[in-house]
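Beneath this line is the structure, given in C-alpha cells, with notes to follow.
The values are calculated or read from the model by the stated rules, or taken from the named source; none is laboratory data. Source: prediction; values computed, not measured. Positions of Cβ are generated from backbone atoms using ideal geometry, with glycine treated the same way; all protein chains shown enter the neighbour counts.
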Amino acid sequence: MGISARVSKYMSRPEQLIITGAFGGTHIRLAVMSNKGRIISKVDLPTKSFSSQDQLVTTLDVEMRKLEGGKDARFGGIGVPCPINEETGEPAVPHPANITKFGFQGFFSALSDRVGKRIFAYNDAQTDAMGEAMFGAGRRHQNVIFHGLGTGYGVGIVIGNIAIATEFGHAPAVNAGVDEAGDKRPCGCGSRWGCAEQYASGSAFPRSLASDWRTAEEVGKAFLAGNHNAETVVREAMNYLAYNIAIAKLITPGALHVIGGGVSLIGEPLMAVLREQLAALHNKALVAWPDIVPEVALSELPHDAGLLGAGVLAEQSAGI
Ligand SMILES: [Zn+2]
C-alpha cells in the first residue's frame, strides 16, 4: 500500500522551517523541523527548573533563536498534556497535570508576543496522532487513532488531514466490570468512577492488584522474562485498551490504531496480548460489526511523533 493522499499532498508543499515543541512532566522539548518531517535542531530543558511563566517565556525565546541559527521559522506549535480551549487557543486548565507549579493562563499569547511569531498550542495526543499519521506507522492510512500509554493515556484521532484530541482515556463506561467489583480508582481529571487511564496507562501498571513492581518499565521487563504476575498486569491493561479500541471503532471502523507512549516500548509481545484481547472481545460479540477486527500497530516514532505532529498542525493553523 502506498502513502495516503494526506501525506502526498502535504509533502508536495514548498519546504519551510517550523518551530515545534512538547511540554512534559520531566522535560520541555523544543526543536526546529522542516515540513518534510526532519528535525533539524533540538534541545531538552528540565521542566522543574522553571518557577514562573515569565522565566519560561524568556528561556524559550532565547532557545528558539539558537535553534533557528539565523534562519527564520515563521510560526510554531507546541503540544501540552491537557485540553485546549478552542476559542482562546490556550490550555483549558490553569495548572495542567504534571507540568508546573505556576499557572498557564495566557501563556501562548505571551510567548507569541515575546518571540514575534505565532506559537500555537495543541493537546499532546493530537500532536502524537498527527506525527504518526504523517510520518510514522499511519502514513499509509487515511484514518489513524493514536493511543498514548505513558504517565497518562491520551487518544488522538486523525481523519483525513484533520487531527482532534479526545477524552477516551477518561472513559469510565468501559470500566463497568471493575466498578461492580468495587475497584474505583480516582483520576487526576477529577472523576472517581474509574477512568481507563487509571488501568491502562504506564503509571497504572504498578497500581494493579497483581503488581510487584514500582514502575511500568519494571513490569515490562518482568513480562518479557515470562513472569506470571507481570503477564496479568499487562493483560488487564490491554483489556481496557481493547475496550477503548472497540468503542473508537464506532467512529471510524477501518482506522489503524497506533499504540505509543512508554508502554509501547515493550514491543511486539505487548501487541500479541492486545490482539488476543481484541479477539476475545469479538468472540463475545460485545462490539458492533464483529467481522471487522481493528488493525493495530506499534508507534514508529516513539520519541519524535509529538514534535513532528505539532509542526504539521502549526502549518495548518497558520493557513500556509
Ligand atoms: Zn480521568
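So the values come out like this:
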item	result
Selection status of residue 292, within 18 Å of residue 141 (Cα to Cα) and assigned to a helix (DSSP H, G or I)	no
Segment 189-205, residues that are more than 8 Å from the ligand (Cβ to nearest atom), in a loop (DSSP other than H, G, I, E, B) and among the hydroxyl-bearing types (Ser, Thr, Tyr)	201
Subset tally (residues that are without any contact (Cβ under 8 Å) to a residue 60 or more places away in the chain and either crowded, with 21+ Cβ neighbours inside 10 Å or touching a helix residue (DSSP H, G or I) at 6+ places or on another chain (Cβ under 9 Å) (or both)) for segment 68-100	8
First in segment 14-43 and farther than 20 Å from residue 95 by Cβ, second anywhere and of a type in the set (Ser, Thr, Tyr) and not in a strand (DSSP E or B), Cβ under 8 Å, 6 or more apart	35/10
Test for residue 244: is it within 14 Å of the ligand (Cβ to nearest atom) and assigned to a helix (DSSP H, G or I)	yes
Qualifying residue in segment 113-126 (condition: at positive phi, in a loop (DSSP other than H, G, I, E, B), in contact with a Pro (Cβ under 8 Å, 6 or more places away or on another chain) and of a type outside the set (D, E, K, R))	no
Count of segment 124-150 residues which are surrounded by fewer than 22 Cβ atoms within 10 Å (Cβ to Cβ) and under 16 Å from residue 83 (Cβ atoms)	0
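Yes or no, residue by residue, for (1) crowded, with 17+ Cβ neighbours inside 10 Å; (2) at pLDDT 90 or above:
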position	(1), (2)
185	no, no
188	no, no
201	yes, yes
205	yes, yes
214	no, yes
217	no, yes
222	yes, yes
